[in-house]
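Report on one structure; see the data block that follows.
The values are calculated or read from the model by the stated rules, or taken from the named source; none is laboratory data. The structure presented is a predicted model; accordingly, all values stated were derived computationally and were not measured. Positions of Cβ are generated from backbone atoms using ideal geometry, with glycine treated the same way; all protein chains shown enter the neighbour counts.
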Amino acid sequence: MTDHRANRPAPGVEIELVVNGATRSAATEDRVTLADFLREGLGLTGTHLGCEHGVCGACTVLLDGEAVRSCLMLAVQARGRQVTTVEGIADGDDLSPVQLAFRESHSFQCGFCTPGFVMSTVALLAGNPNPDEREIRETLSGNICRCTGYESIIEGVLLAARRNVEAGLPG
């Protein structure tokens, strides 16, 4: 980080937060978004940046369990909080139930929007383990996919919900 006005190091802010269950910290400028902090500061590139205006939903992560657009939030606002990224919902090499259901439903083509849809779905199912199609469509209406017709995505959410209910799992 460089302060270009005086060609000297810019003041950094140390940010400590819990990311995917582990306490992480790094110095960053106070103007850096949470998305950029996760990607560049912590190397978690699963969070994608699409529009960088909060419209497409590709950057969705969970903040204390709630789905948020990480491109609209400053990293300093997440200080001391819990952030879950798409990397944090799998169990090592084993995909999460939502990821498996999306894969089996062929929910995506290029995959750029996938992390945002997955994280929005994880938040939805945590709050409502058995949503109907209307609720799913409403929840995912803030996520944009340019490749699919959305039907396969809806099928993936319904499959994940059905499996969670059958297994007696919350979201």
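Annotations for the structure displayed:
- In this structure, SER120 qualifies as under 19 Å from THR84 (Cα atoms), of a type in the set (Ser, Thr, Tyr), surrounded by 14 or more Cβ atoms within 10 Å (Cβ to Cβ) and touching a strand residue (DSSP E or B) at 6+ places or on another chain (Cβ under 6 Å).
- Residues within segment 152-171 that are surrounded by fewer than 12 Cβ atoms within 10 Å (Cβ to Cβ) and at pLDDT 95 or above, tallied: 0
- Among the residues of segment 11-50, not one is buried (at least 16 other Cβ atoms within 10 Å of the Cβ), more than 24 Å from ALA90 (Cα to Cα) and without any contact (Cβ under 8 Å) to a residue 24 or more places away in the chain.
- Comparison of LEU17, LEU44 shows that the only residue that is aliphatic (A, V, I, L, M), outside the structural domain of SER141 (by TED's automatic domain parsing) and within 14 Å of the chain's Cα centre (by Cα) is LEU44.
- Screening ARG137, ARG79 for residues that are over 13 Å from the mean Cα position of the chain (by Cα) and without any contact (Cβ under 8 Å) to a residue 24 or more places away in the chain leaves exactly one candidate, ARG137.
- Of all residues in segment 70-93 being part of a loop (DSSP other than H, G, I, E, B) and hydroxyl-bearing (Ser, Thr, Tyr), the one that is surrounded by the most Cβ atoms within 10 Å (Cβ to Cβ): SER70
- Filtered residue count, segment 11-49, keeping only those that are among the basic types (Lys, Arg) and part of a strand (DSSP E or B): 1
- Hits in segment 51-69 (condition: in a strand (DSSP E or B), surrounded by fewer than 22 Cβ atoms within 10 Å (Cβ to Cβ) and of a type in the set (Gly, Ala, Ser)): none
- Residue match in segment 113-123 (condition: small (Gly, Ala, Ser) and over 21 Å from LEU17 (Cβ atoms)): no
- Residues that are part of a loop (DSSP other than H, G, I, E, B) and out of contact with any helix residue (DSSP H, G or I) (no Cβ under 6 Å at 6 or more places or on another chain), drawn from segment 94-130: LEU95, SER96, GLN109, CYS110, GLY111, PHE112, CYS113, ASN128
- In this structure, ALA123 does not qualify as among the hydrophobic types (A, V, I, L, M, F, W, C), at negative phi and more than 16 Å from the chain's Cα centre (by Cα).
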